[in-house]
1. Name the pairs: first residue in segment B:11-26 and facing chain A (nearest Cβ under 7 Å) and hydroxyl-bearing (S, T, Y), second residue part of a helix (DSSP H, G or I) and surrounded by fewer than 24 Cβ atoms within 10 Å (Cβ to Cβ), Cβ to Cβ under 8 Å, at least 6 apart or on different chains?
2. Do we find a residue being buried (at least 16 other Cβ atoms within 10 Å of the Cβ) and more than 13 Å from every other protein chain (Cβ to nearest Cβ) anywhere in segment A:104-114?
3. I'd like the residue in segment B:44-53 that is surrounded by fewer than 24 Cβ atoms within 10 Å (Cβ to Cβ) and more than 8 Å from chain A (Cβ to nearest Cβ) and, out of all such residues, is nearest to A:G220 (Cα to Cα).
4. Only residues that are more than 14 Å from chain A (Cβ to nearest Cβ) and surrounded by fewer than 22 Cβ atoms within 10 Å (Cβ to Cβ): list them for segment B:54-72, please.
5. Of the numbered conditions (1) among the hydrophobic types (A, V, I, L, M, F, W, C); (2) away from every other protein chain (no Cβ under 12 Å); (3) over 26 Å from B:A145 (Cα atoms); (4) in contact with a Leu (Cβ under 9 Å, 6 or more places away or on another chain), B:A34 fails exactly one; give the number of that condition.
6. Answer yes or no as to whether A:L133 is farther than 30 Å from A:A77 by Cβ and within 13 Å of chain B (Cβ to nearest Cβ).
7. Output the number of the condition that A:T269 fails; it satisfies all remaining conditions of (1) under 22 Å from A:L43 (Cβ atoms); (2) touching a Phe, Trp or Tyr at 6+ places or on another chain (Cβ under 8 Å); (3) surrounded by 24 or more Cβ atoms within 10 Å (Cβ to Cβ).
Amino acid sequence: MSSGTLRAYGRSPLLAGTSLPTAVSIIDLSALAWATPFDVAALATLWSFRQSTGHTPDLLLPTDPLVRAYLVDMGLAEFIPGDWGAGGGSTIEGPWLPLTRVWSADEWDDLQDEIWAVTRRSLGNYELAQRTLDILGELVDNAATHGRSDVGTFVCAQRYGGTTSGLPPGVWLGITDAGVGIPAHLRRNPKYAENHSDVDLIRLARRPWVTGTADRRGWGLVDVFEKAAEAGPSQVLIRSGGAQGAFWLRPGARPAARYRPCTPPTPGTWIHVLVEGT
Amino acid sequence: MRYDVATRWSVFLATRERGRRVREDIEQELRGVAPGGNLVISFAGVEGITVSFGDECIAKLIVGRAAGDFVDRGLLMEGMNEDVRETMEAVLARRKVSAIALGSSGAPEVIGETGWMSSTLAAALELHSFGAADLAGRLHISPQAANNRLKMLVASGAVARELVVPDGGGKEFSYAIVIPAYA
């Protein structure tokens, strides 16, 4: 089991599943070629989590000035201090929602008027903007409520046209927290307390009425999946605790899913959503 | 009385926590409504709500009414755009409850769990002020069935319920439509 250095190299390394060291002491972005909103949010969460435990990681900045400038525009420099240089002014279009941290669900709601206006403008399509905010709202609500920690919830969103980034065009969302994680949260419900499989609990989390609370609720993820599928072919990745679920969604079709264990476990819950072709 | 969600809060309502706060604020307003009166929750200008918000705010208000909260006054909704209405329908149907949405003309429509609600509401609108036996007679159903339907009708916010002492003594409930254009 590796320890110490997170080598976030190449394109979208965290989204692609780069192994996390057991205890990150260095975040090495020197060979980073591209970061999606998920990568940006996850990096901020990971760094903040380690800092909150008294072990602030060292940061090796991207050697590519374009990548460095893009990360500044994405908002990462605000949360991970470093010699980012002049930064900014990336030639790539900036995110409509730069990396944002919220400490509570209420705080996310307070931002809605501003975020709605910006989302509407950036996405153009009214229905797509609504669906996107629905998805973000449910995921941030879950994270800020069930994934509370000393680190907060990070949110980042971008729309890629596909030409500059080389990524599939669409709406890309990253929502990350360093809370207890979905499996541990669900185990608070006596119904799931004896379920020791994180993979199984990630699978269950998608179903209606599955909750770690005593309330009669648990439709948040169901609605995220429905809204994402309605918006078009979509992908959802949920990495939490000791497991990951990857889902491919099509309108009117059952999701295709693949699950795997994650070792070492992810601190909290990290979620990626891509609504393709939009 | 009218409660304007967009003005008091925001045009996009996202979280369960916000839903709880809005619900508590609505309940505070309801305390100021006289028995027999009504509160209309206006969603005019609200662009969207999430399922979590809708469930925590409106669905729980309706569930509270089913348990006896504020049943002597009405609670209605208006001004929902297509997206808000769709979300509201989903959260109410999941909890198997109904609410009343007012159209632009003030005409009421049942949303959420419908079933026999529309026909029951229509009968209640014709009767205006009635007892369970009146509704049972109008719908040709048993008094028991009428009572069950009335419980849901009261919870929906369309009808207010008042405890009365009839001439012969004892206690019974009296019901009245509290929809503004029909009250």
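Every number here is computed from the coordinates shown, using simple stated rules; none is lab data. Please read these numbers as outputs of a predicted model, since none were measured by experiment. Cβ atoms come from the backbone with ideal geometry, glycine included; neighbour counts cover every protein chain shown.
1. Sorted first by the residue in segment B:11-26, then by its partner, the pairs are B:T15/A:D106; B:T15/A:T145.
2. Checking segment A:104-114: not a single residue is buried (at least 16 other Cβ atoms within 10 Å of the Cβ) and more than 13 Å from every other protein chain (Cβ to nearest Cβ).
3. Among them, the one singled out is B:V46.
4. Selection gives B:G68, B:D69, B:F70, B:D72.
5. Unmet for B:A34, out of (1) among the hydrophobic types (A, V, I, L, M, F, W, C); (2) away from every other protein chain (no Cβ under 12 Å); (3) over 26 Å from B:A145 (Cα atoms); (4) in contact with a Leu (Cβ under 9 Å, 6 or more places away or on another chain): (4).
6. On the way: farther than 30 Å from A:A77 by Cβ: no; within 13 Å of chain B (Cβ to nearest Cβ): yes.
Considered against the rule, which asks whether it is farther than 30 Å from A:A77 by Cβ and within 13 Å of chain B (Cβ to nearest Cβ), A:L133 comes out as no.
7. Status for A:T269: all satisfied but (2).
One line per residue, one yes/no per condition, for (1) within 14 Å of the chain's Cα centre (by Cα); (2) not in a strand (DSSP E or B):
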| residue | (1), (2) |
| --- | --- |
| B:A101 | yes, no |
| B:T114 | yes, yes |
| B:R138 | no, yes |
| B:E162 | no, no |
| B:G169 | no, yes |
| B:P180 | yes, yes |
